[in-house]
Amino acid sequence: MVKAVKGTIVKCDPAVKQVIISLDKKEKVIIEDLDENHLLIDTSRVDYIKKEVEKLLEENTYKSELDKAPN
Amino acid sequence: MPTVIVAHFKTNIYEYLEALQKSTLDKLYEEPATCLAIFRLLPSLARQLVMSLLFSTQIMSKADLKQWIKNDKESLSYEALDKLQKLHIMIEQENKTIALNSSFKQKFQECLTGGGTHQSFGKLYNKPHRHSQSNSHKLPDIKLLDEHAKTKWEEILHFMVGTDRMNSPGASVLKVVTKANLMREKEGKGLEITNKGFQFLLQDVNTQVWAFLIQYLDLASEMLHMNVVEVLNFFFMLGSLELGQDYSVEGLTDTQRQLLDDLTNYGLIYRPKKSSKRYYPTRLATTLTSGNSAIVSNVASNNPTDDDDSATEQGFIIVETNYKLYAYTSSQLQISVLNLFCNLQFQFSNMVTAELTRESVRKALKHGITASQIISYLTSHAHPQMKKRPALLPSTVVDQIQLWEMELNRLVITNSYLYKEFRTFADYEVVLKHANTLGVVVWSSDSKKMIGITEAGHERVKAFIKRKIVQRRSNGGDTTSSAGGTPAR
């Protein structure tokens, strides 16, 4: 029987995919793991994932002390 | 994360002309000034061909024409002929002969030999100036015209950048910027710049003026019910006027008089008074068709002394490998443009220092400016000192800006339906093939027998599968090997 599942396909690099998988452990968002670059996720959670991914990537970005200093 | 939409921005008058109907073009060619202006817009080889054919009375075959062009310029000759034919200047007849558009030929001859009436190039204001004897009214000199053009045009750009000191430009300007999608209504109040607007700001002035006028043209024909031919003729006439000369409004049509008002608002034309019988073209207008971009510095620089001109004309930005940027300018506008993607640090009387940071570039990228636009802006405004280096911009900076752009697009999101659990590989293949022809496949995997279909394509694929099932049932009644069942949800 063919089934059609509604969701959102996310194309991303493997690093981001791991981030999303770790999010999935806290709260279920992934419907189907497609391949190393693709995931099917819950459409209603897309914004949450976008925000979380950005936050995590931001934390892992090097910022020079000079940038933080007031001009 | 916003997806960056690179809107195709029609800035090129040539593209606009090319899209016009043949009948409109024919009407355009009835004005000698328009013929001359369009002639100037052509590539050099095309100009050469037109000149060779212009006074020739013989019938020319296409093969003979090609003999004129040296063989090694195959692509150039193709381009030239293609352009001429698209603009209907050159017409290829059935018997493989080539002829110039008859009205173009006649009017262009007139224009070059000085025959016919010269209304087309603007009518000089011949009467002596009433006030010229008294000191109460001075004839505007070129400096004043430049000043006028600068203030008016900068007013528009400042308005778009959102500088505080700005007063809002005229209603017709607002209409053009909203129509052209350079700015849009912000929720609540006021206008907000769009990504198209940002792209607009990074262009040079000549391109901006044309882009603006083309948008105005669309607006004029749609909303103000102006005749496109009349408007275009007027633009091209402006391009052939002489700077510092005064022209008479007499002999202009009503449409053109209305145009005069609007163009005064944009700084293309100067009129001493609204009711004045005279008008003066500014540098913005007279450089329209000459391809001379000297106006960039004239408009942008705040104190248009000769020294400043030569400096800003050649560029004023120095970028260092450590992402520091020095801009030798005092123009508020240029500083505002830099502020779109740089972190400004200090301002001195003739320069500002700024820094390209991840945050500042990301801010620009989120507004829809692309990395390549930032890079091309920095390249085209690079200080002459930079040109001594082998690569104009430091490659570290260029690469980093591009990396920052890629970083923003790490997630590509498509709302879709995942089709899975196909009974056999053949079933999977049939559906995939059909979906591929519809162009709705987001992702597919042969090993998993899964297909991701876009939301838009879901209904059609579902219908296709249902049809297949019905077909199969009626064929053999073999329900066991069917592609099976109604898609869930």
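The values are calculated or read from the model by the stated rules, or taken from the named source; none is laboratory data. Treat the numbers as computed from the prediction; the structure is a model and nothing was measured. Here the Cβ is made from the backbone with ideal geometry for all residues, glycine too, and neighbour counts use every protein chain on show. These area figures cover heavy atoms from the full protein model, side chains too; ligands, DNA and RNA do not enter into them. Shrake-Rupley method; radii C 1.70, N 1.55, O 1.52, S 1.80 Å.
Applying the condition of being loosely packed, with under 12 Cβ neighbours inside 10 Å and under 15 Å from B:Ala426 (Cβ atoms) to the stretch B:477-488 and asking which residue is modelled with the lowest pLDDT yields B:Thr480. Within the stretch B:380-414, the set of residues being loosely packed, with under 14 Cβ neighbours inside 10 Å, farther than 19 Å from B:Arg358 by Cα and either touching a His at 6+ places or on another chain (Cβ under 9 Å) or among the small types (Gly, Ala, Ser) (or both) comprises B:Ala391 only.
Among the conditions (1) more than 23 Å from B:Leu288 (Cα to Cα); (2) among the aliphatic types (A, V, I, L, M); (3) open to solvent by 30 Å² or more (accessible area, probe 1.4 Å), the only one that B:Leu36 does not satisfy is (1). Here A:Lys25 qualifies as of a type in the set (D, E, K, R), more than 7 Å from every other protein chain (Cβ to nearest Cβ) and out of contact with any Leu (no Cβ under 6 Å at 6 or more places or on another chain). For the stretch B:451-459, the condition holds for no residue, the condition being that it is facing chain A (nearest Cβ under 10 Å), among the hydrophobic types (A, V, I, L, M, F, W, C), over 30 Å from B:Leu325 (Cβ atoms) and open to solvent by 20 Å² or more (accessible area, probe 1.4 Å).
Across the stretch B:359-379, the number of residues qualifying as surrounded by fewer than 20 Cβ atoms within 10 Å (Cβ to Cβ) and within 14 Å of chain A (Cβ to nearest Cβ) comes to 4.
Please tell me if B:Ser331 is surrounded by 17 or more Cβ atoms within 10 Å (Cβ to Cβ), in contact (Cβ under 8 Å) with a residue 60 or more places away in the chain and at negative phi. Here the answer is no, as B:Ser331 does not meet what is asked. Of the residues making up the stretch B:387-413, those that are of a type in the set (Val, Ile, Thr) and more than 14 Å from chain A (Cβ to nearest Cβ) are B:Thr396, B:Val397, B:Val398, B:Ile401. Screening the candidates B:Glu320, B:Glu313 for the property of being open to solvent by 60 Å² or more (accessible area, probe 1.4 Å) and at pLDDT 80 or above yields one hit, B:Glu320.
Candidates are the residues of the stretch B:414-440 that are farther than 21 Å from A:Ile41 by Cα and acidic (Asp, Glu); the one that is nearest to the other protein chains (Cβ to nearest Cβ) is B:Asp427. The listed residues are B:Ala80, B:Ala99, and the only one of them that is touching a helix residue (DSSP H, G or I) at 6+ places or on another chain (Cβ under 9 Å) and in contact (Cβ under 8 Å) with a residue 40 or more places away in the chain turns out to be B:Ala99.
Residues in the stretch A:28-46 that are in a helix (DSSP H, G or I) and within 9 Å of chain B (Cβ to nearest Cβ) were compared, and the one that is farthest from A:Leu57 (Cα to Cα) is A:Thr43. At least 1 residues being without any contact (Cβ under 8 Å) to a residue 24 or more places away in the chain is the threshold, and among the strands (runs of 3 or more DSSP E) wholly inside the stretch B:410-481 those reaching it are B:412-420, B:441-445.
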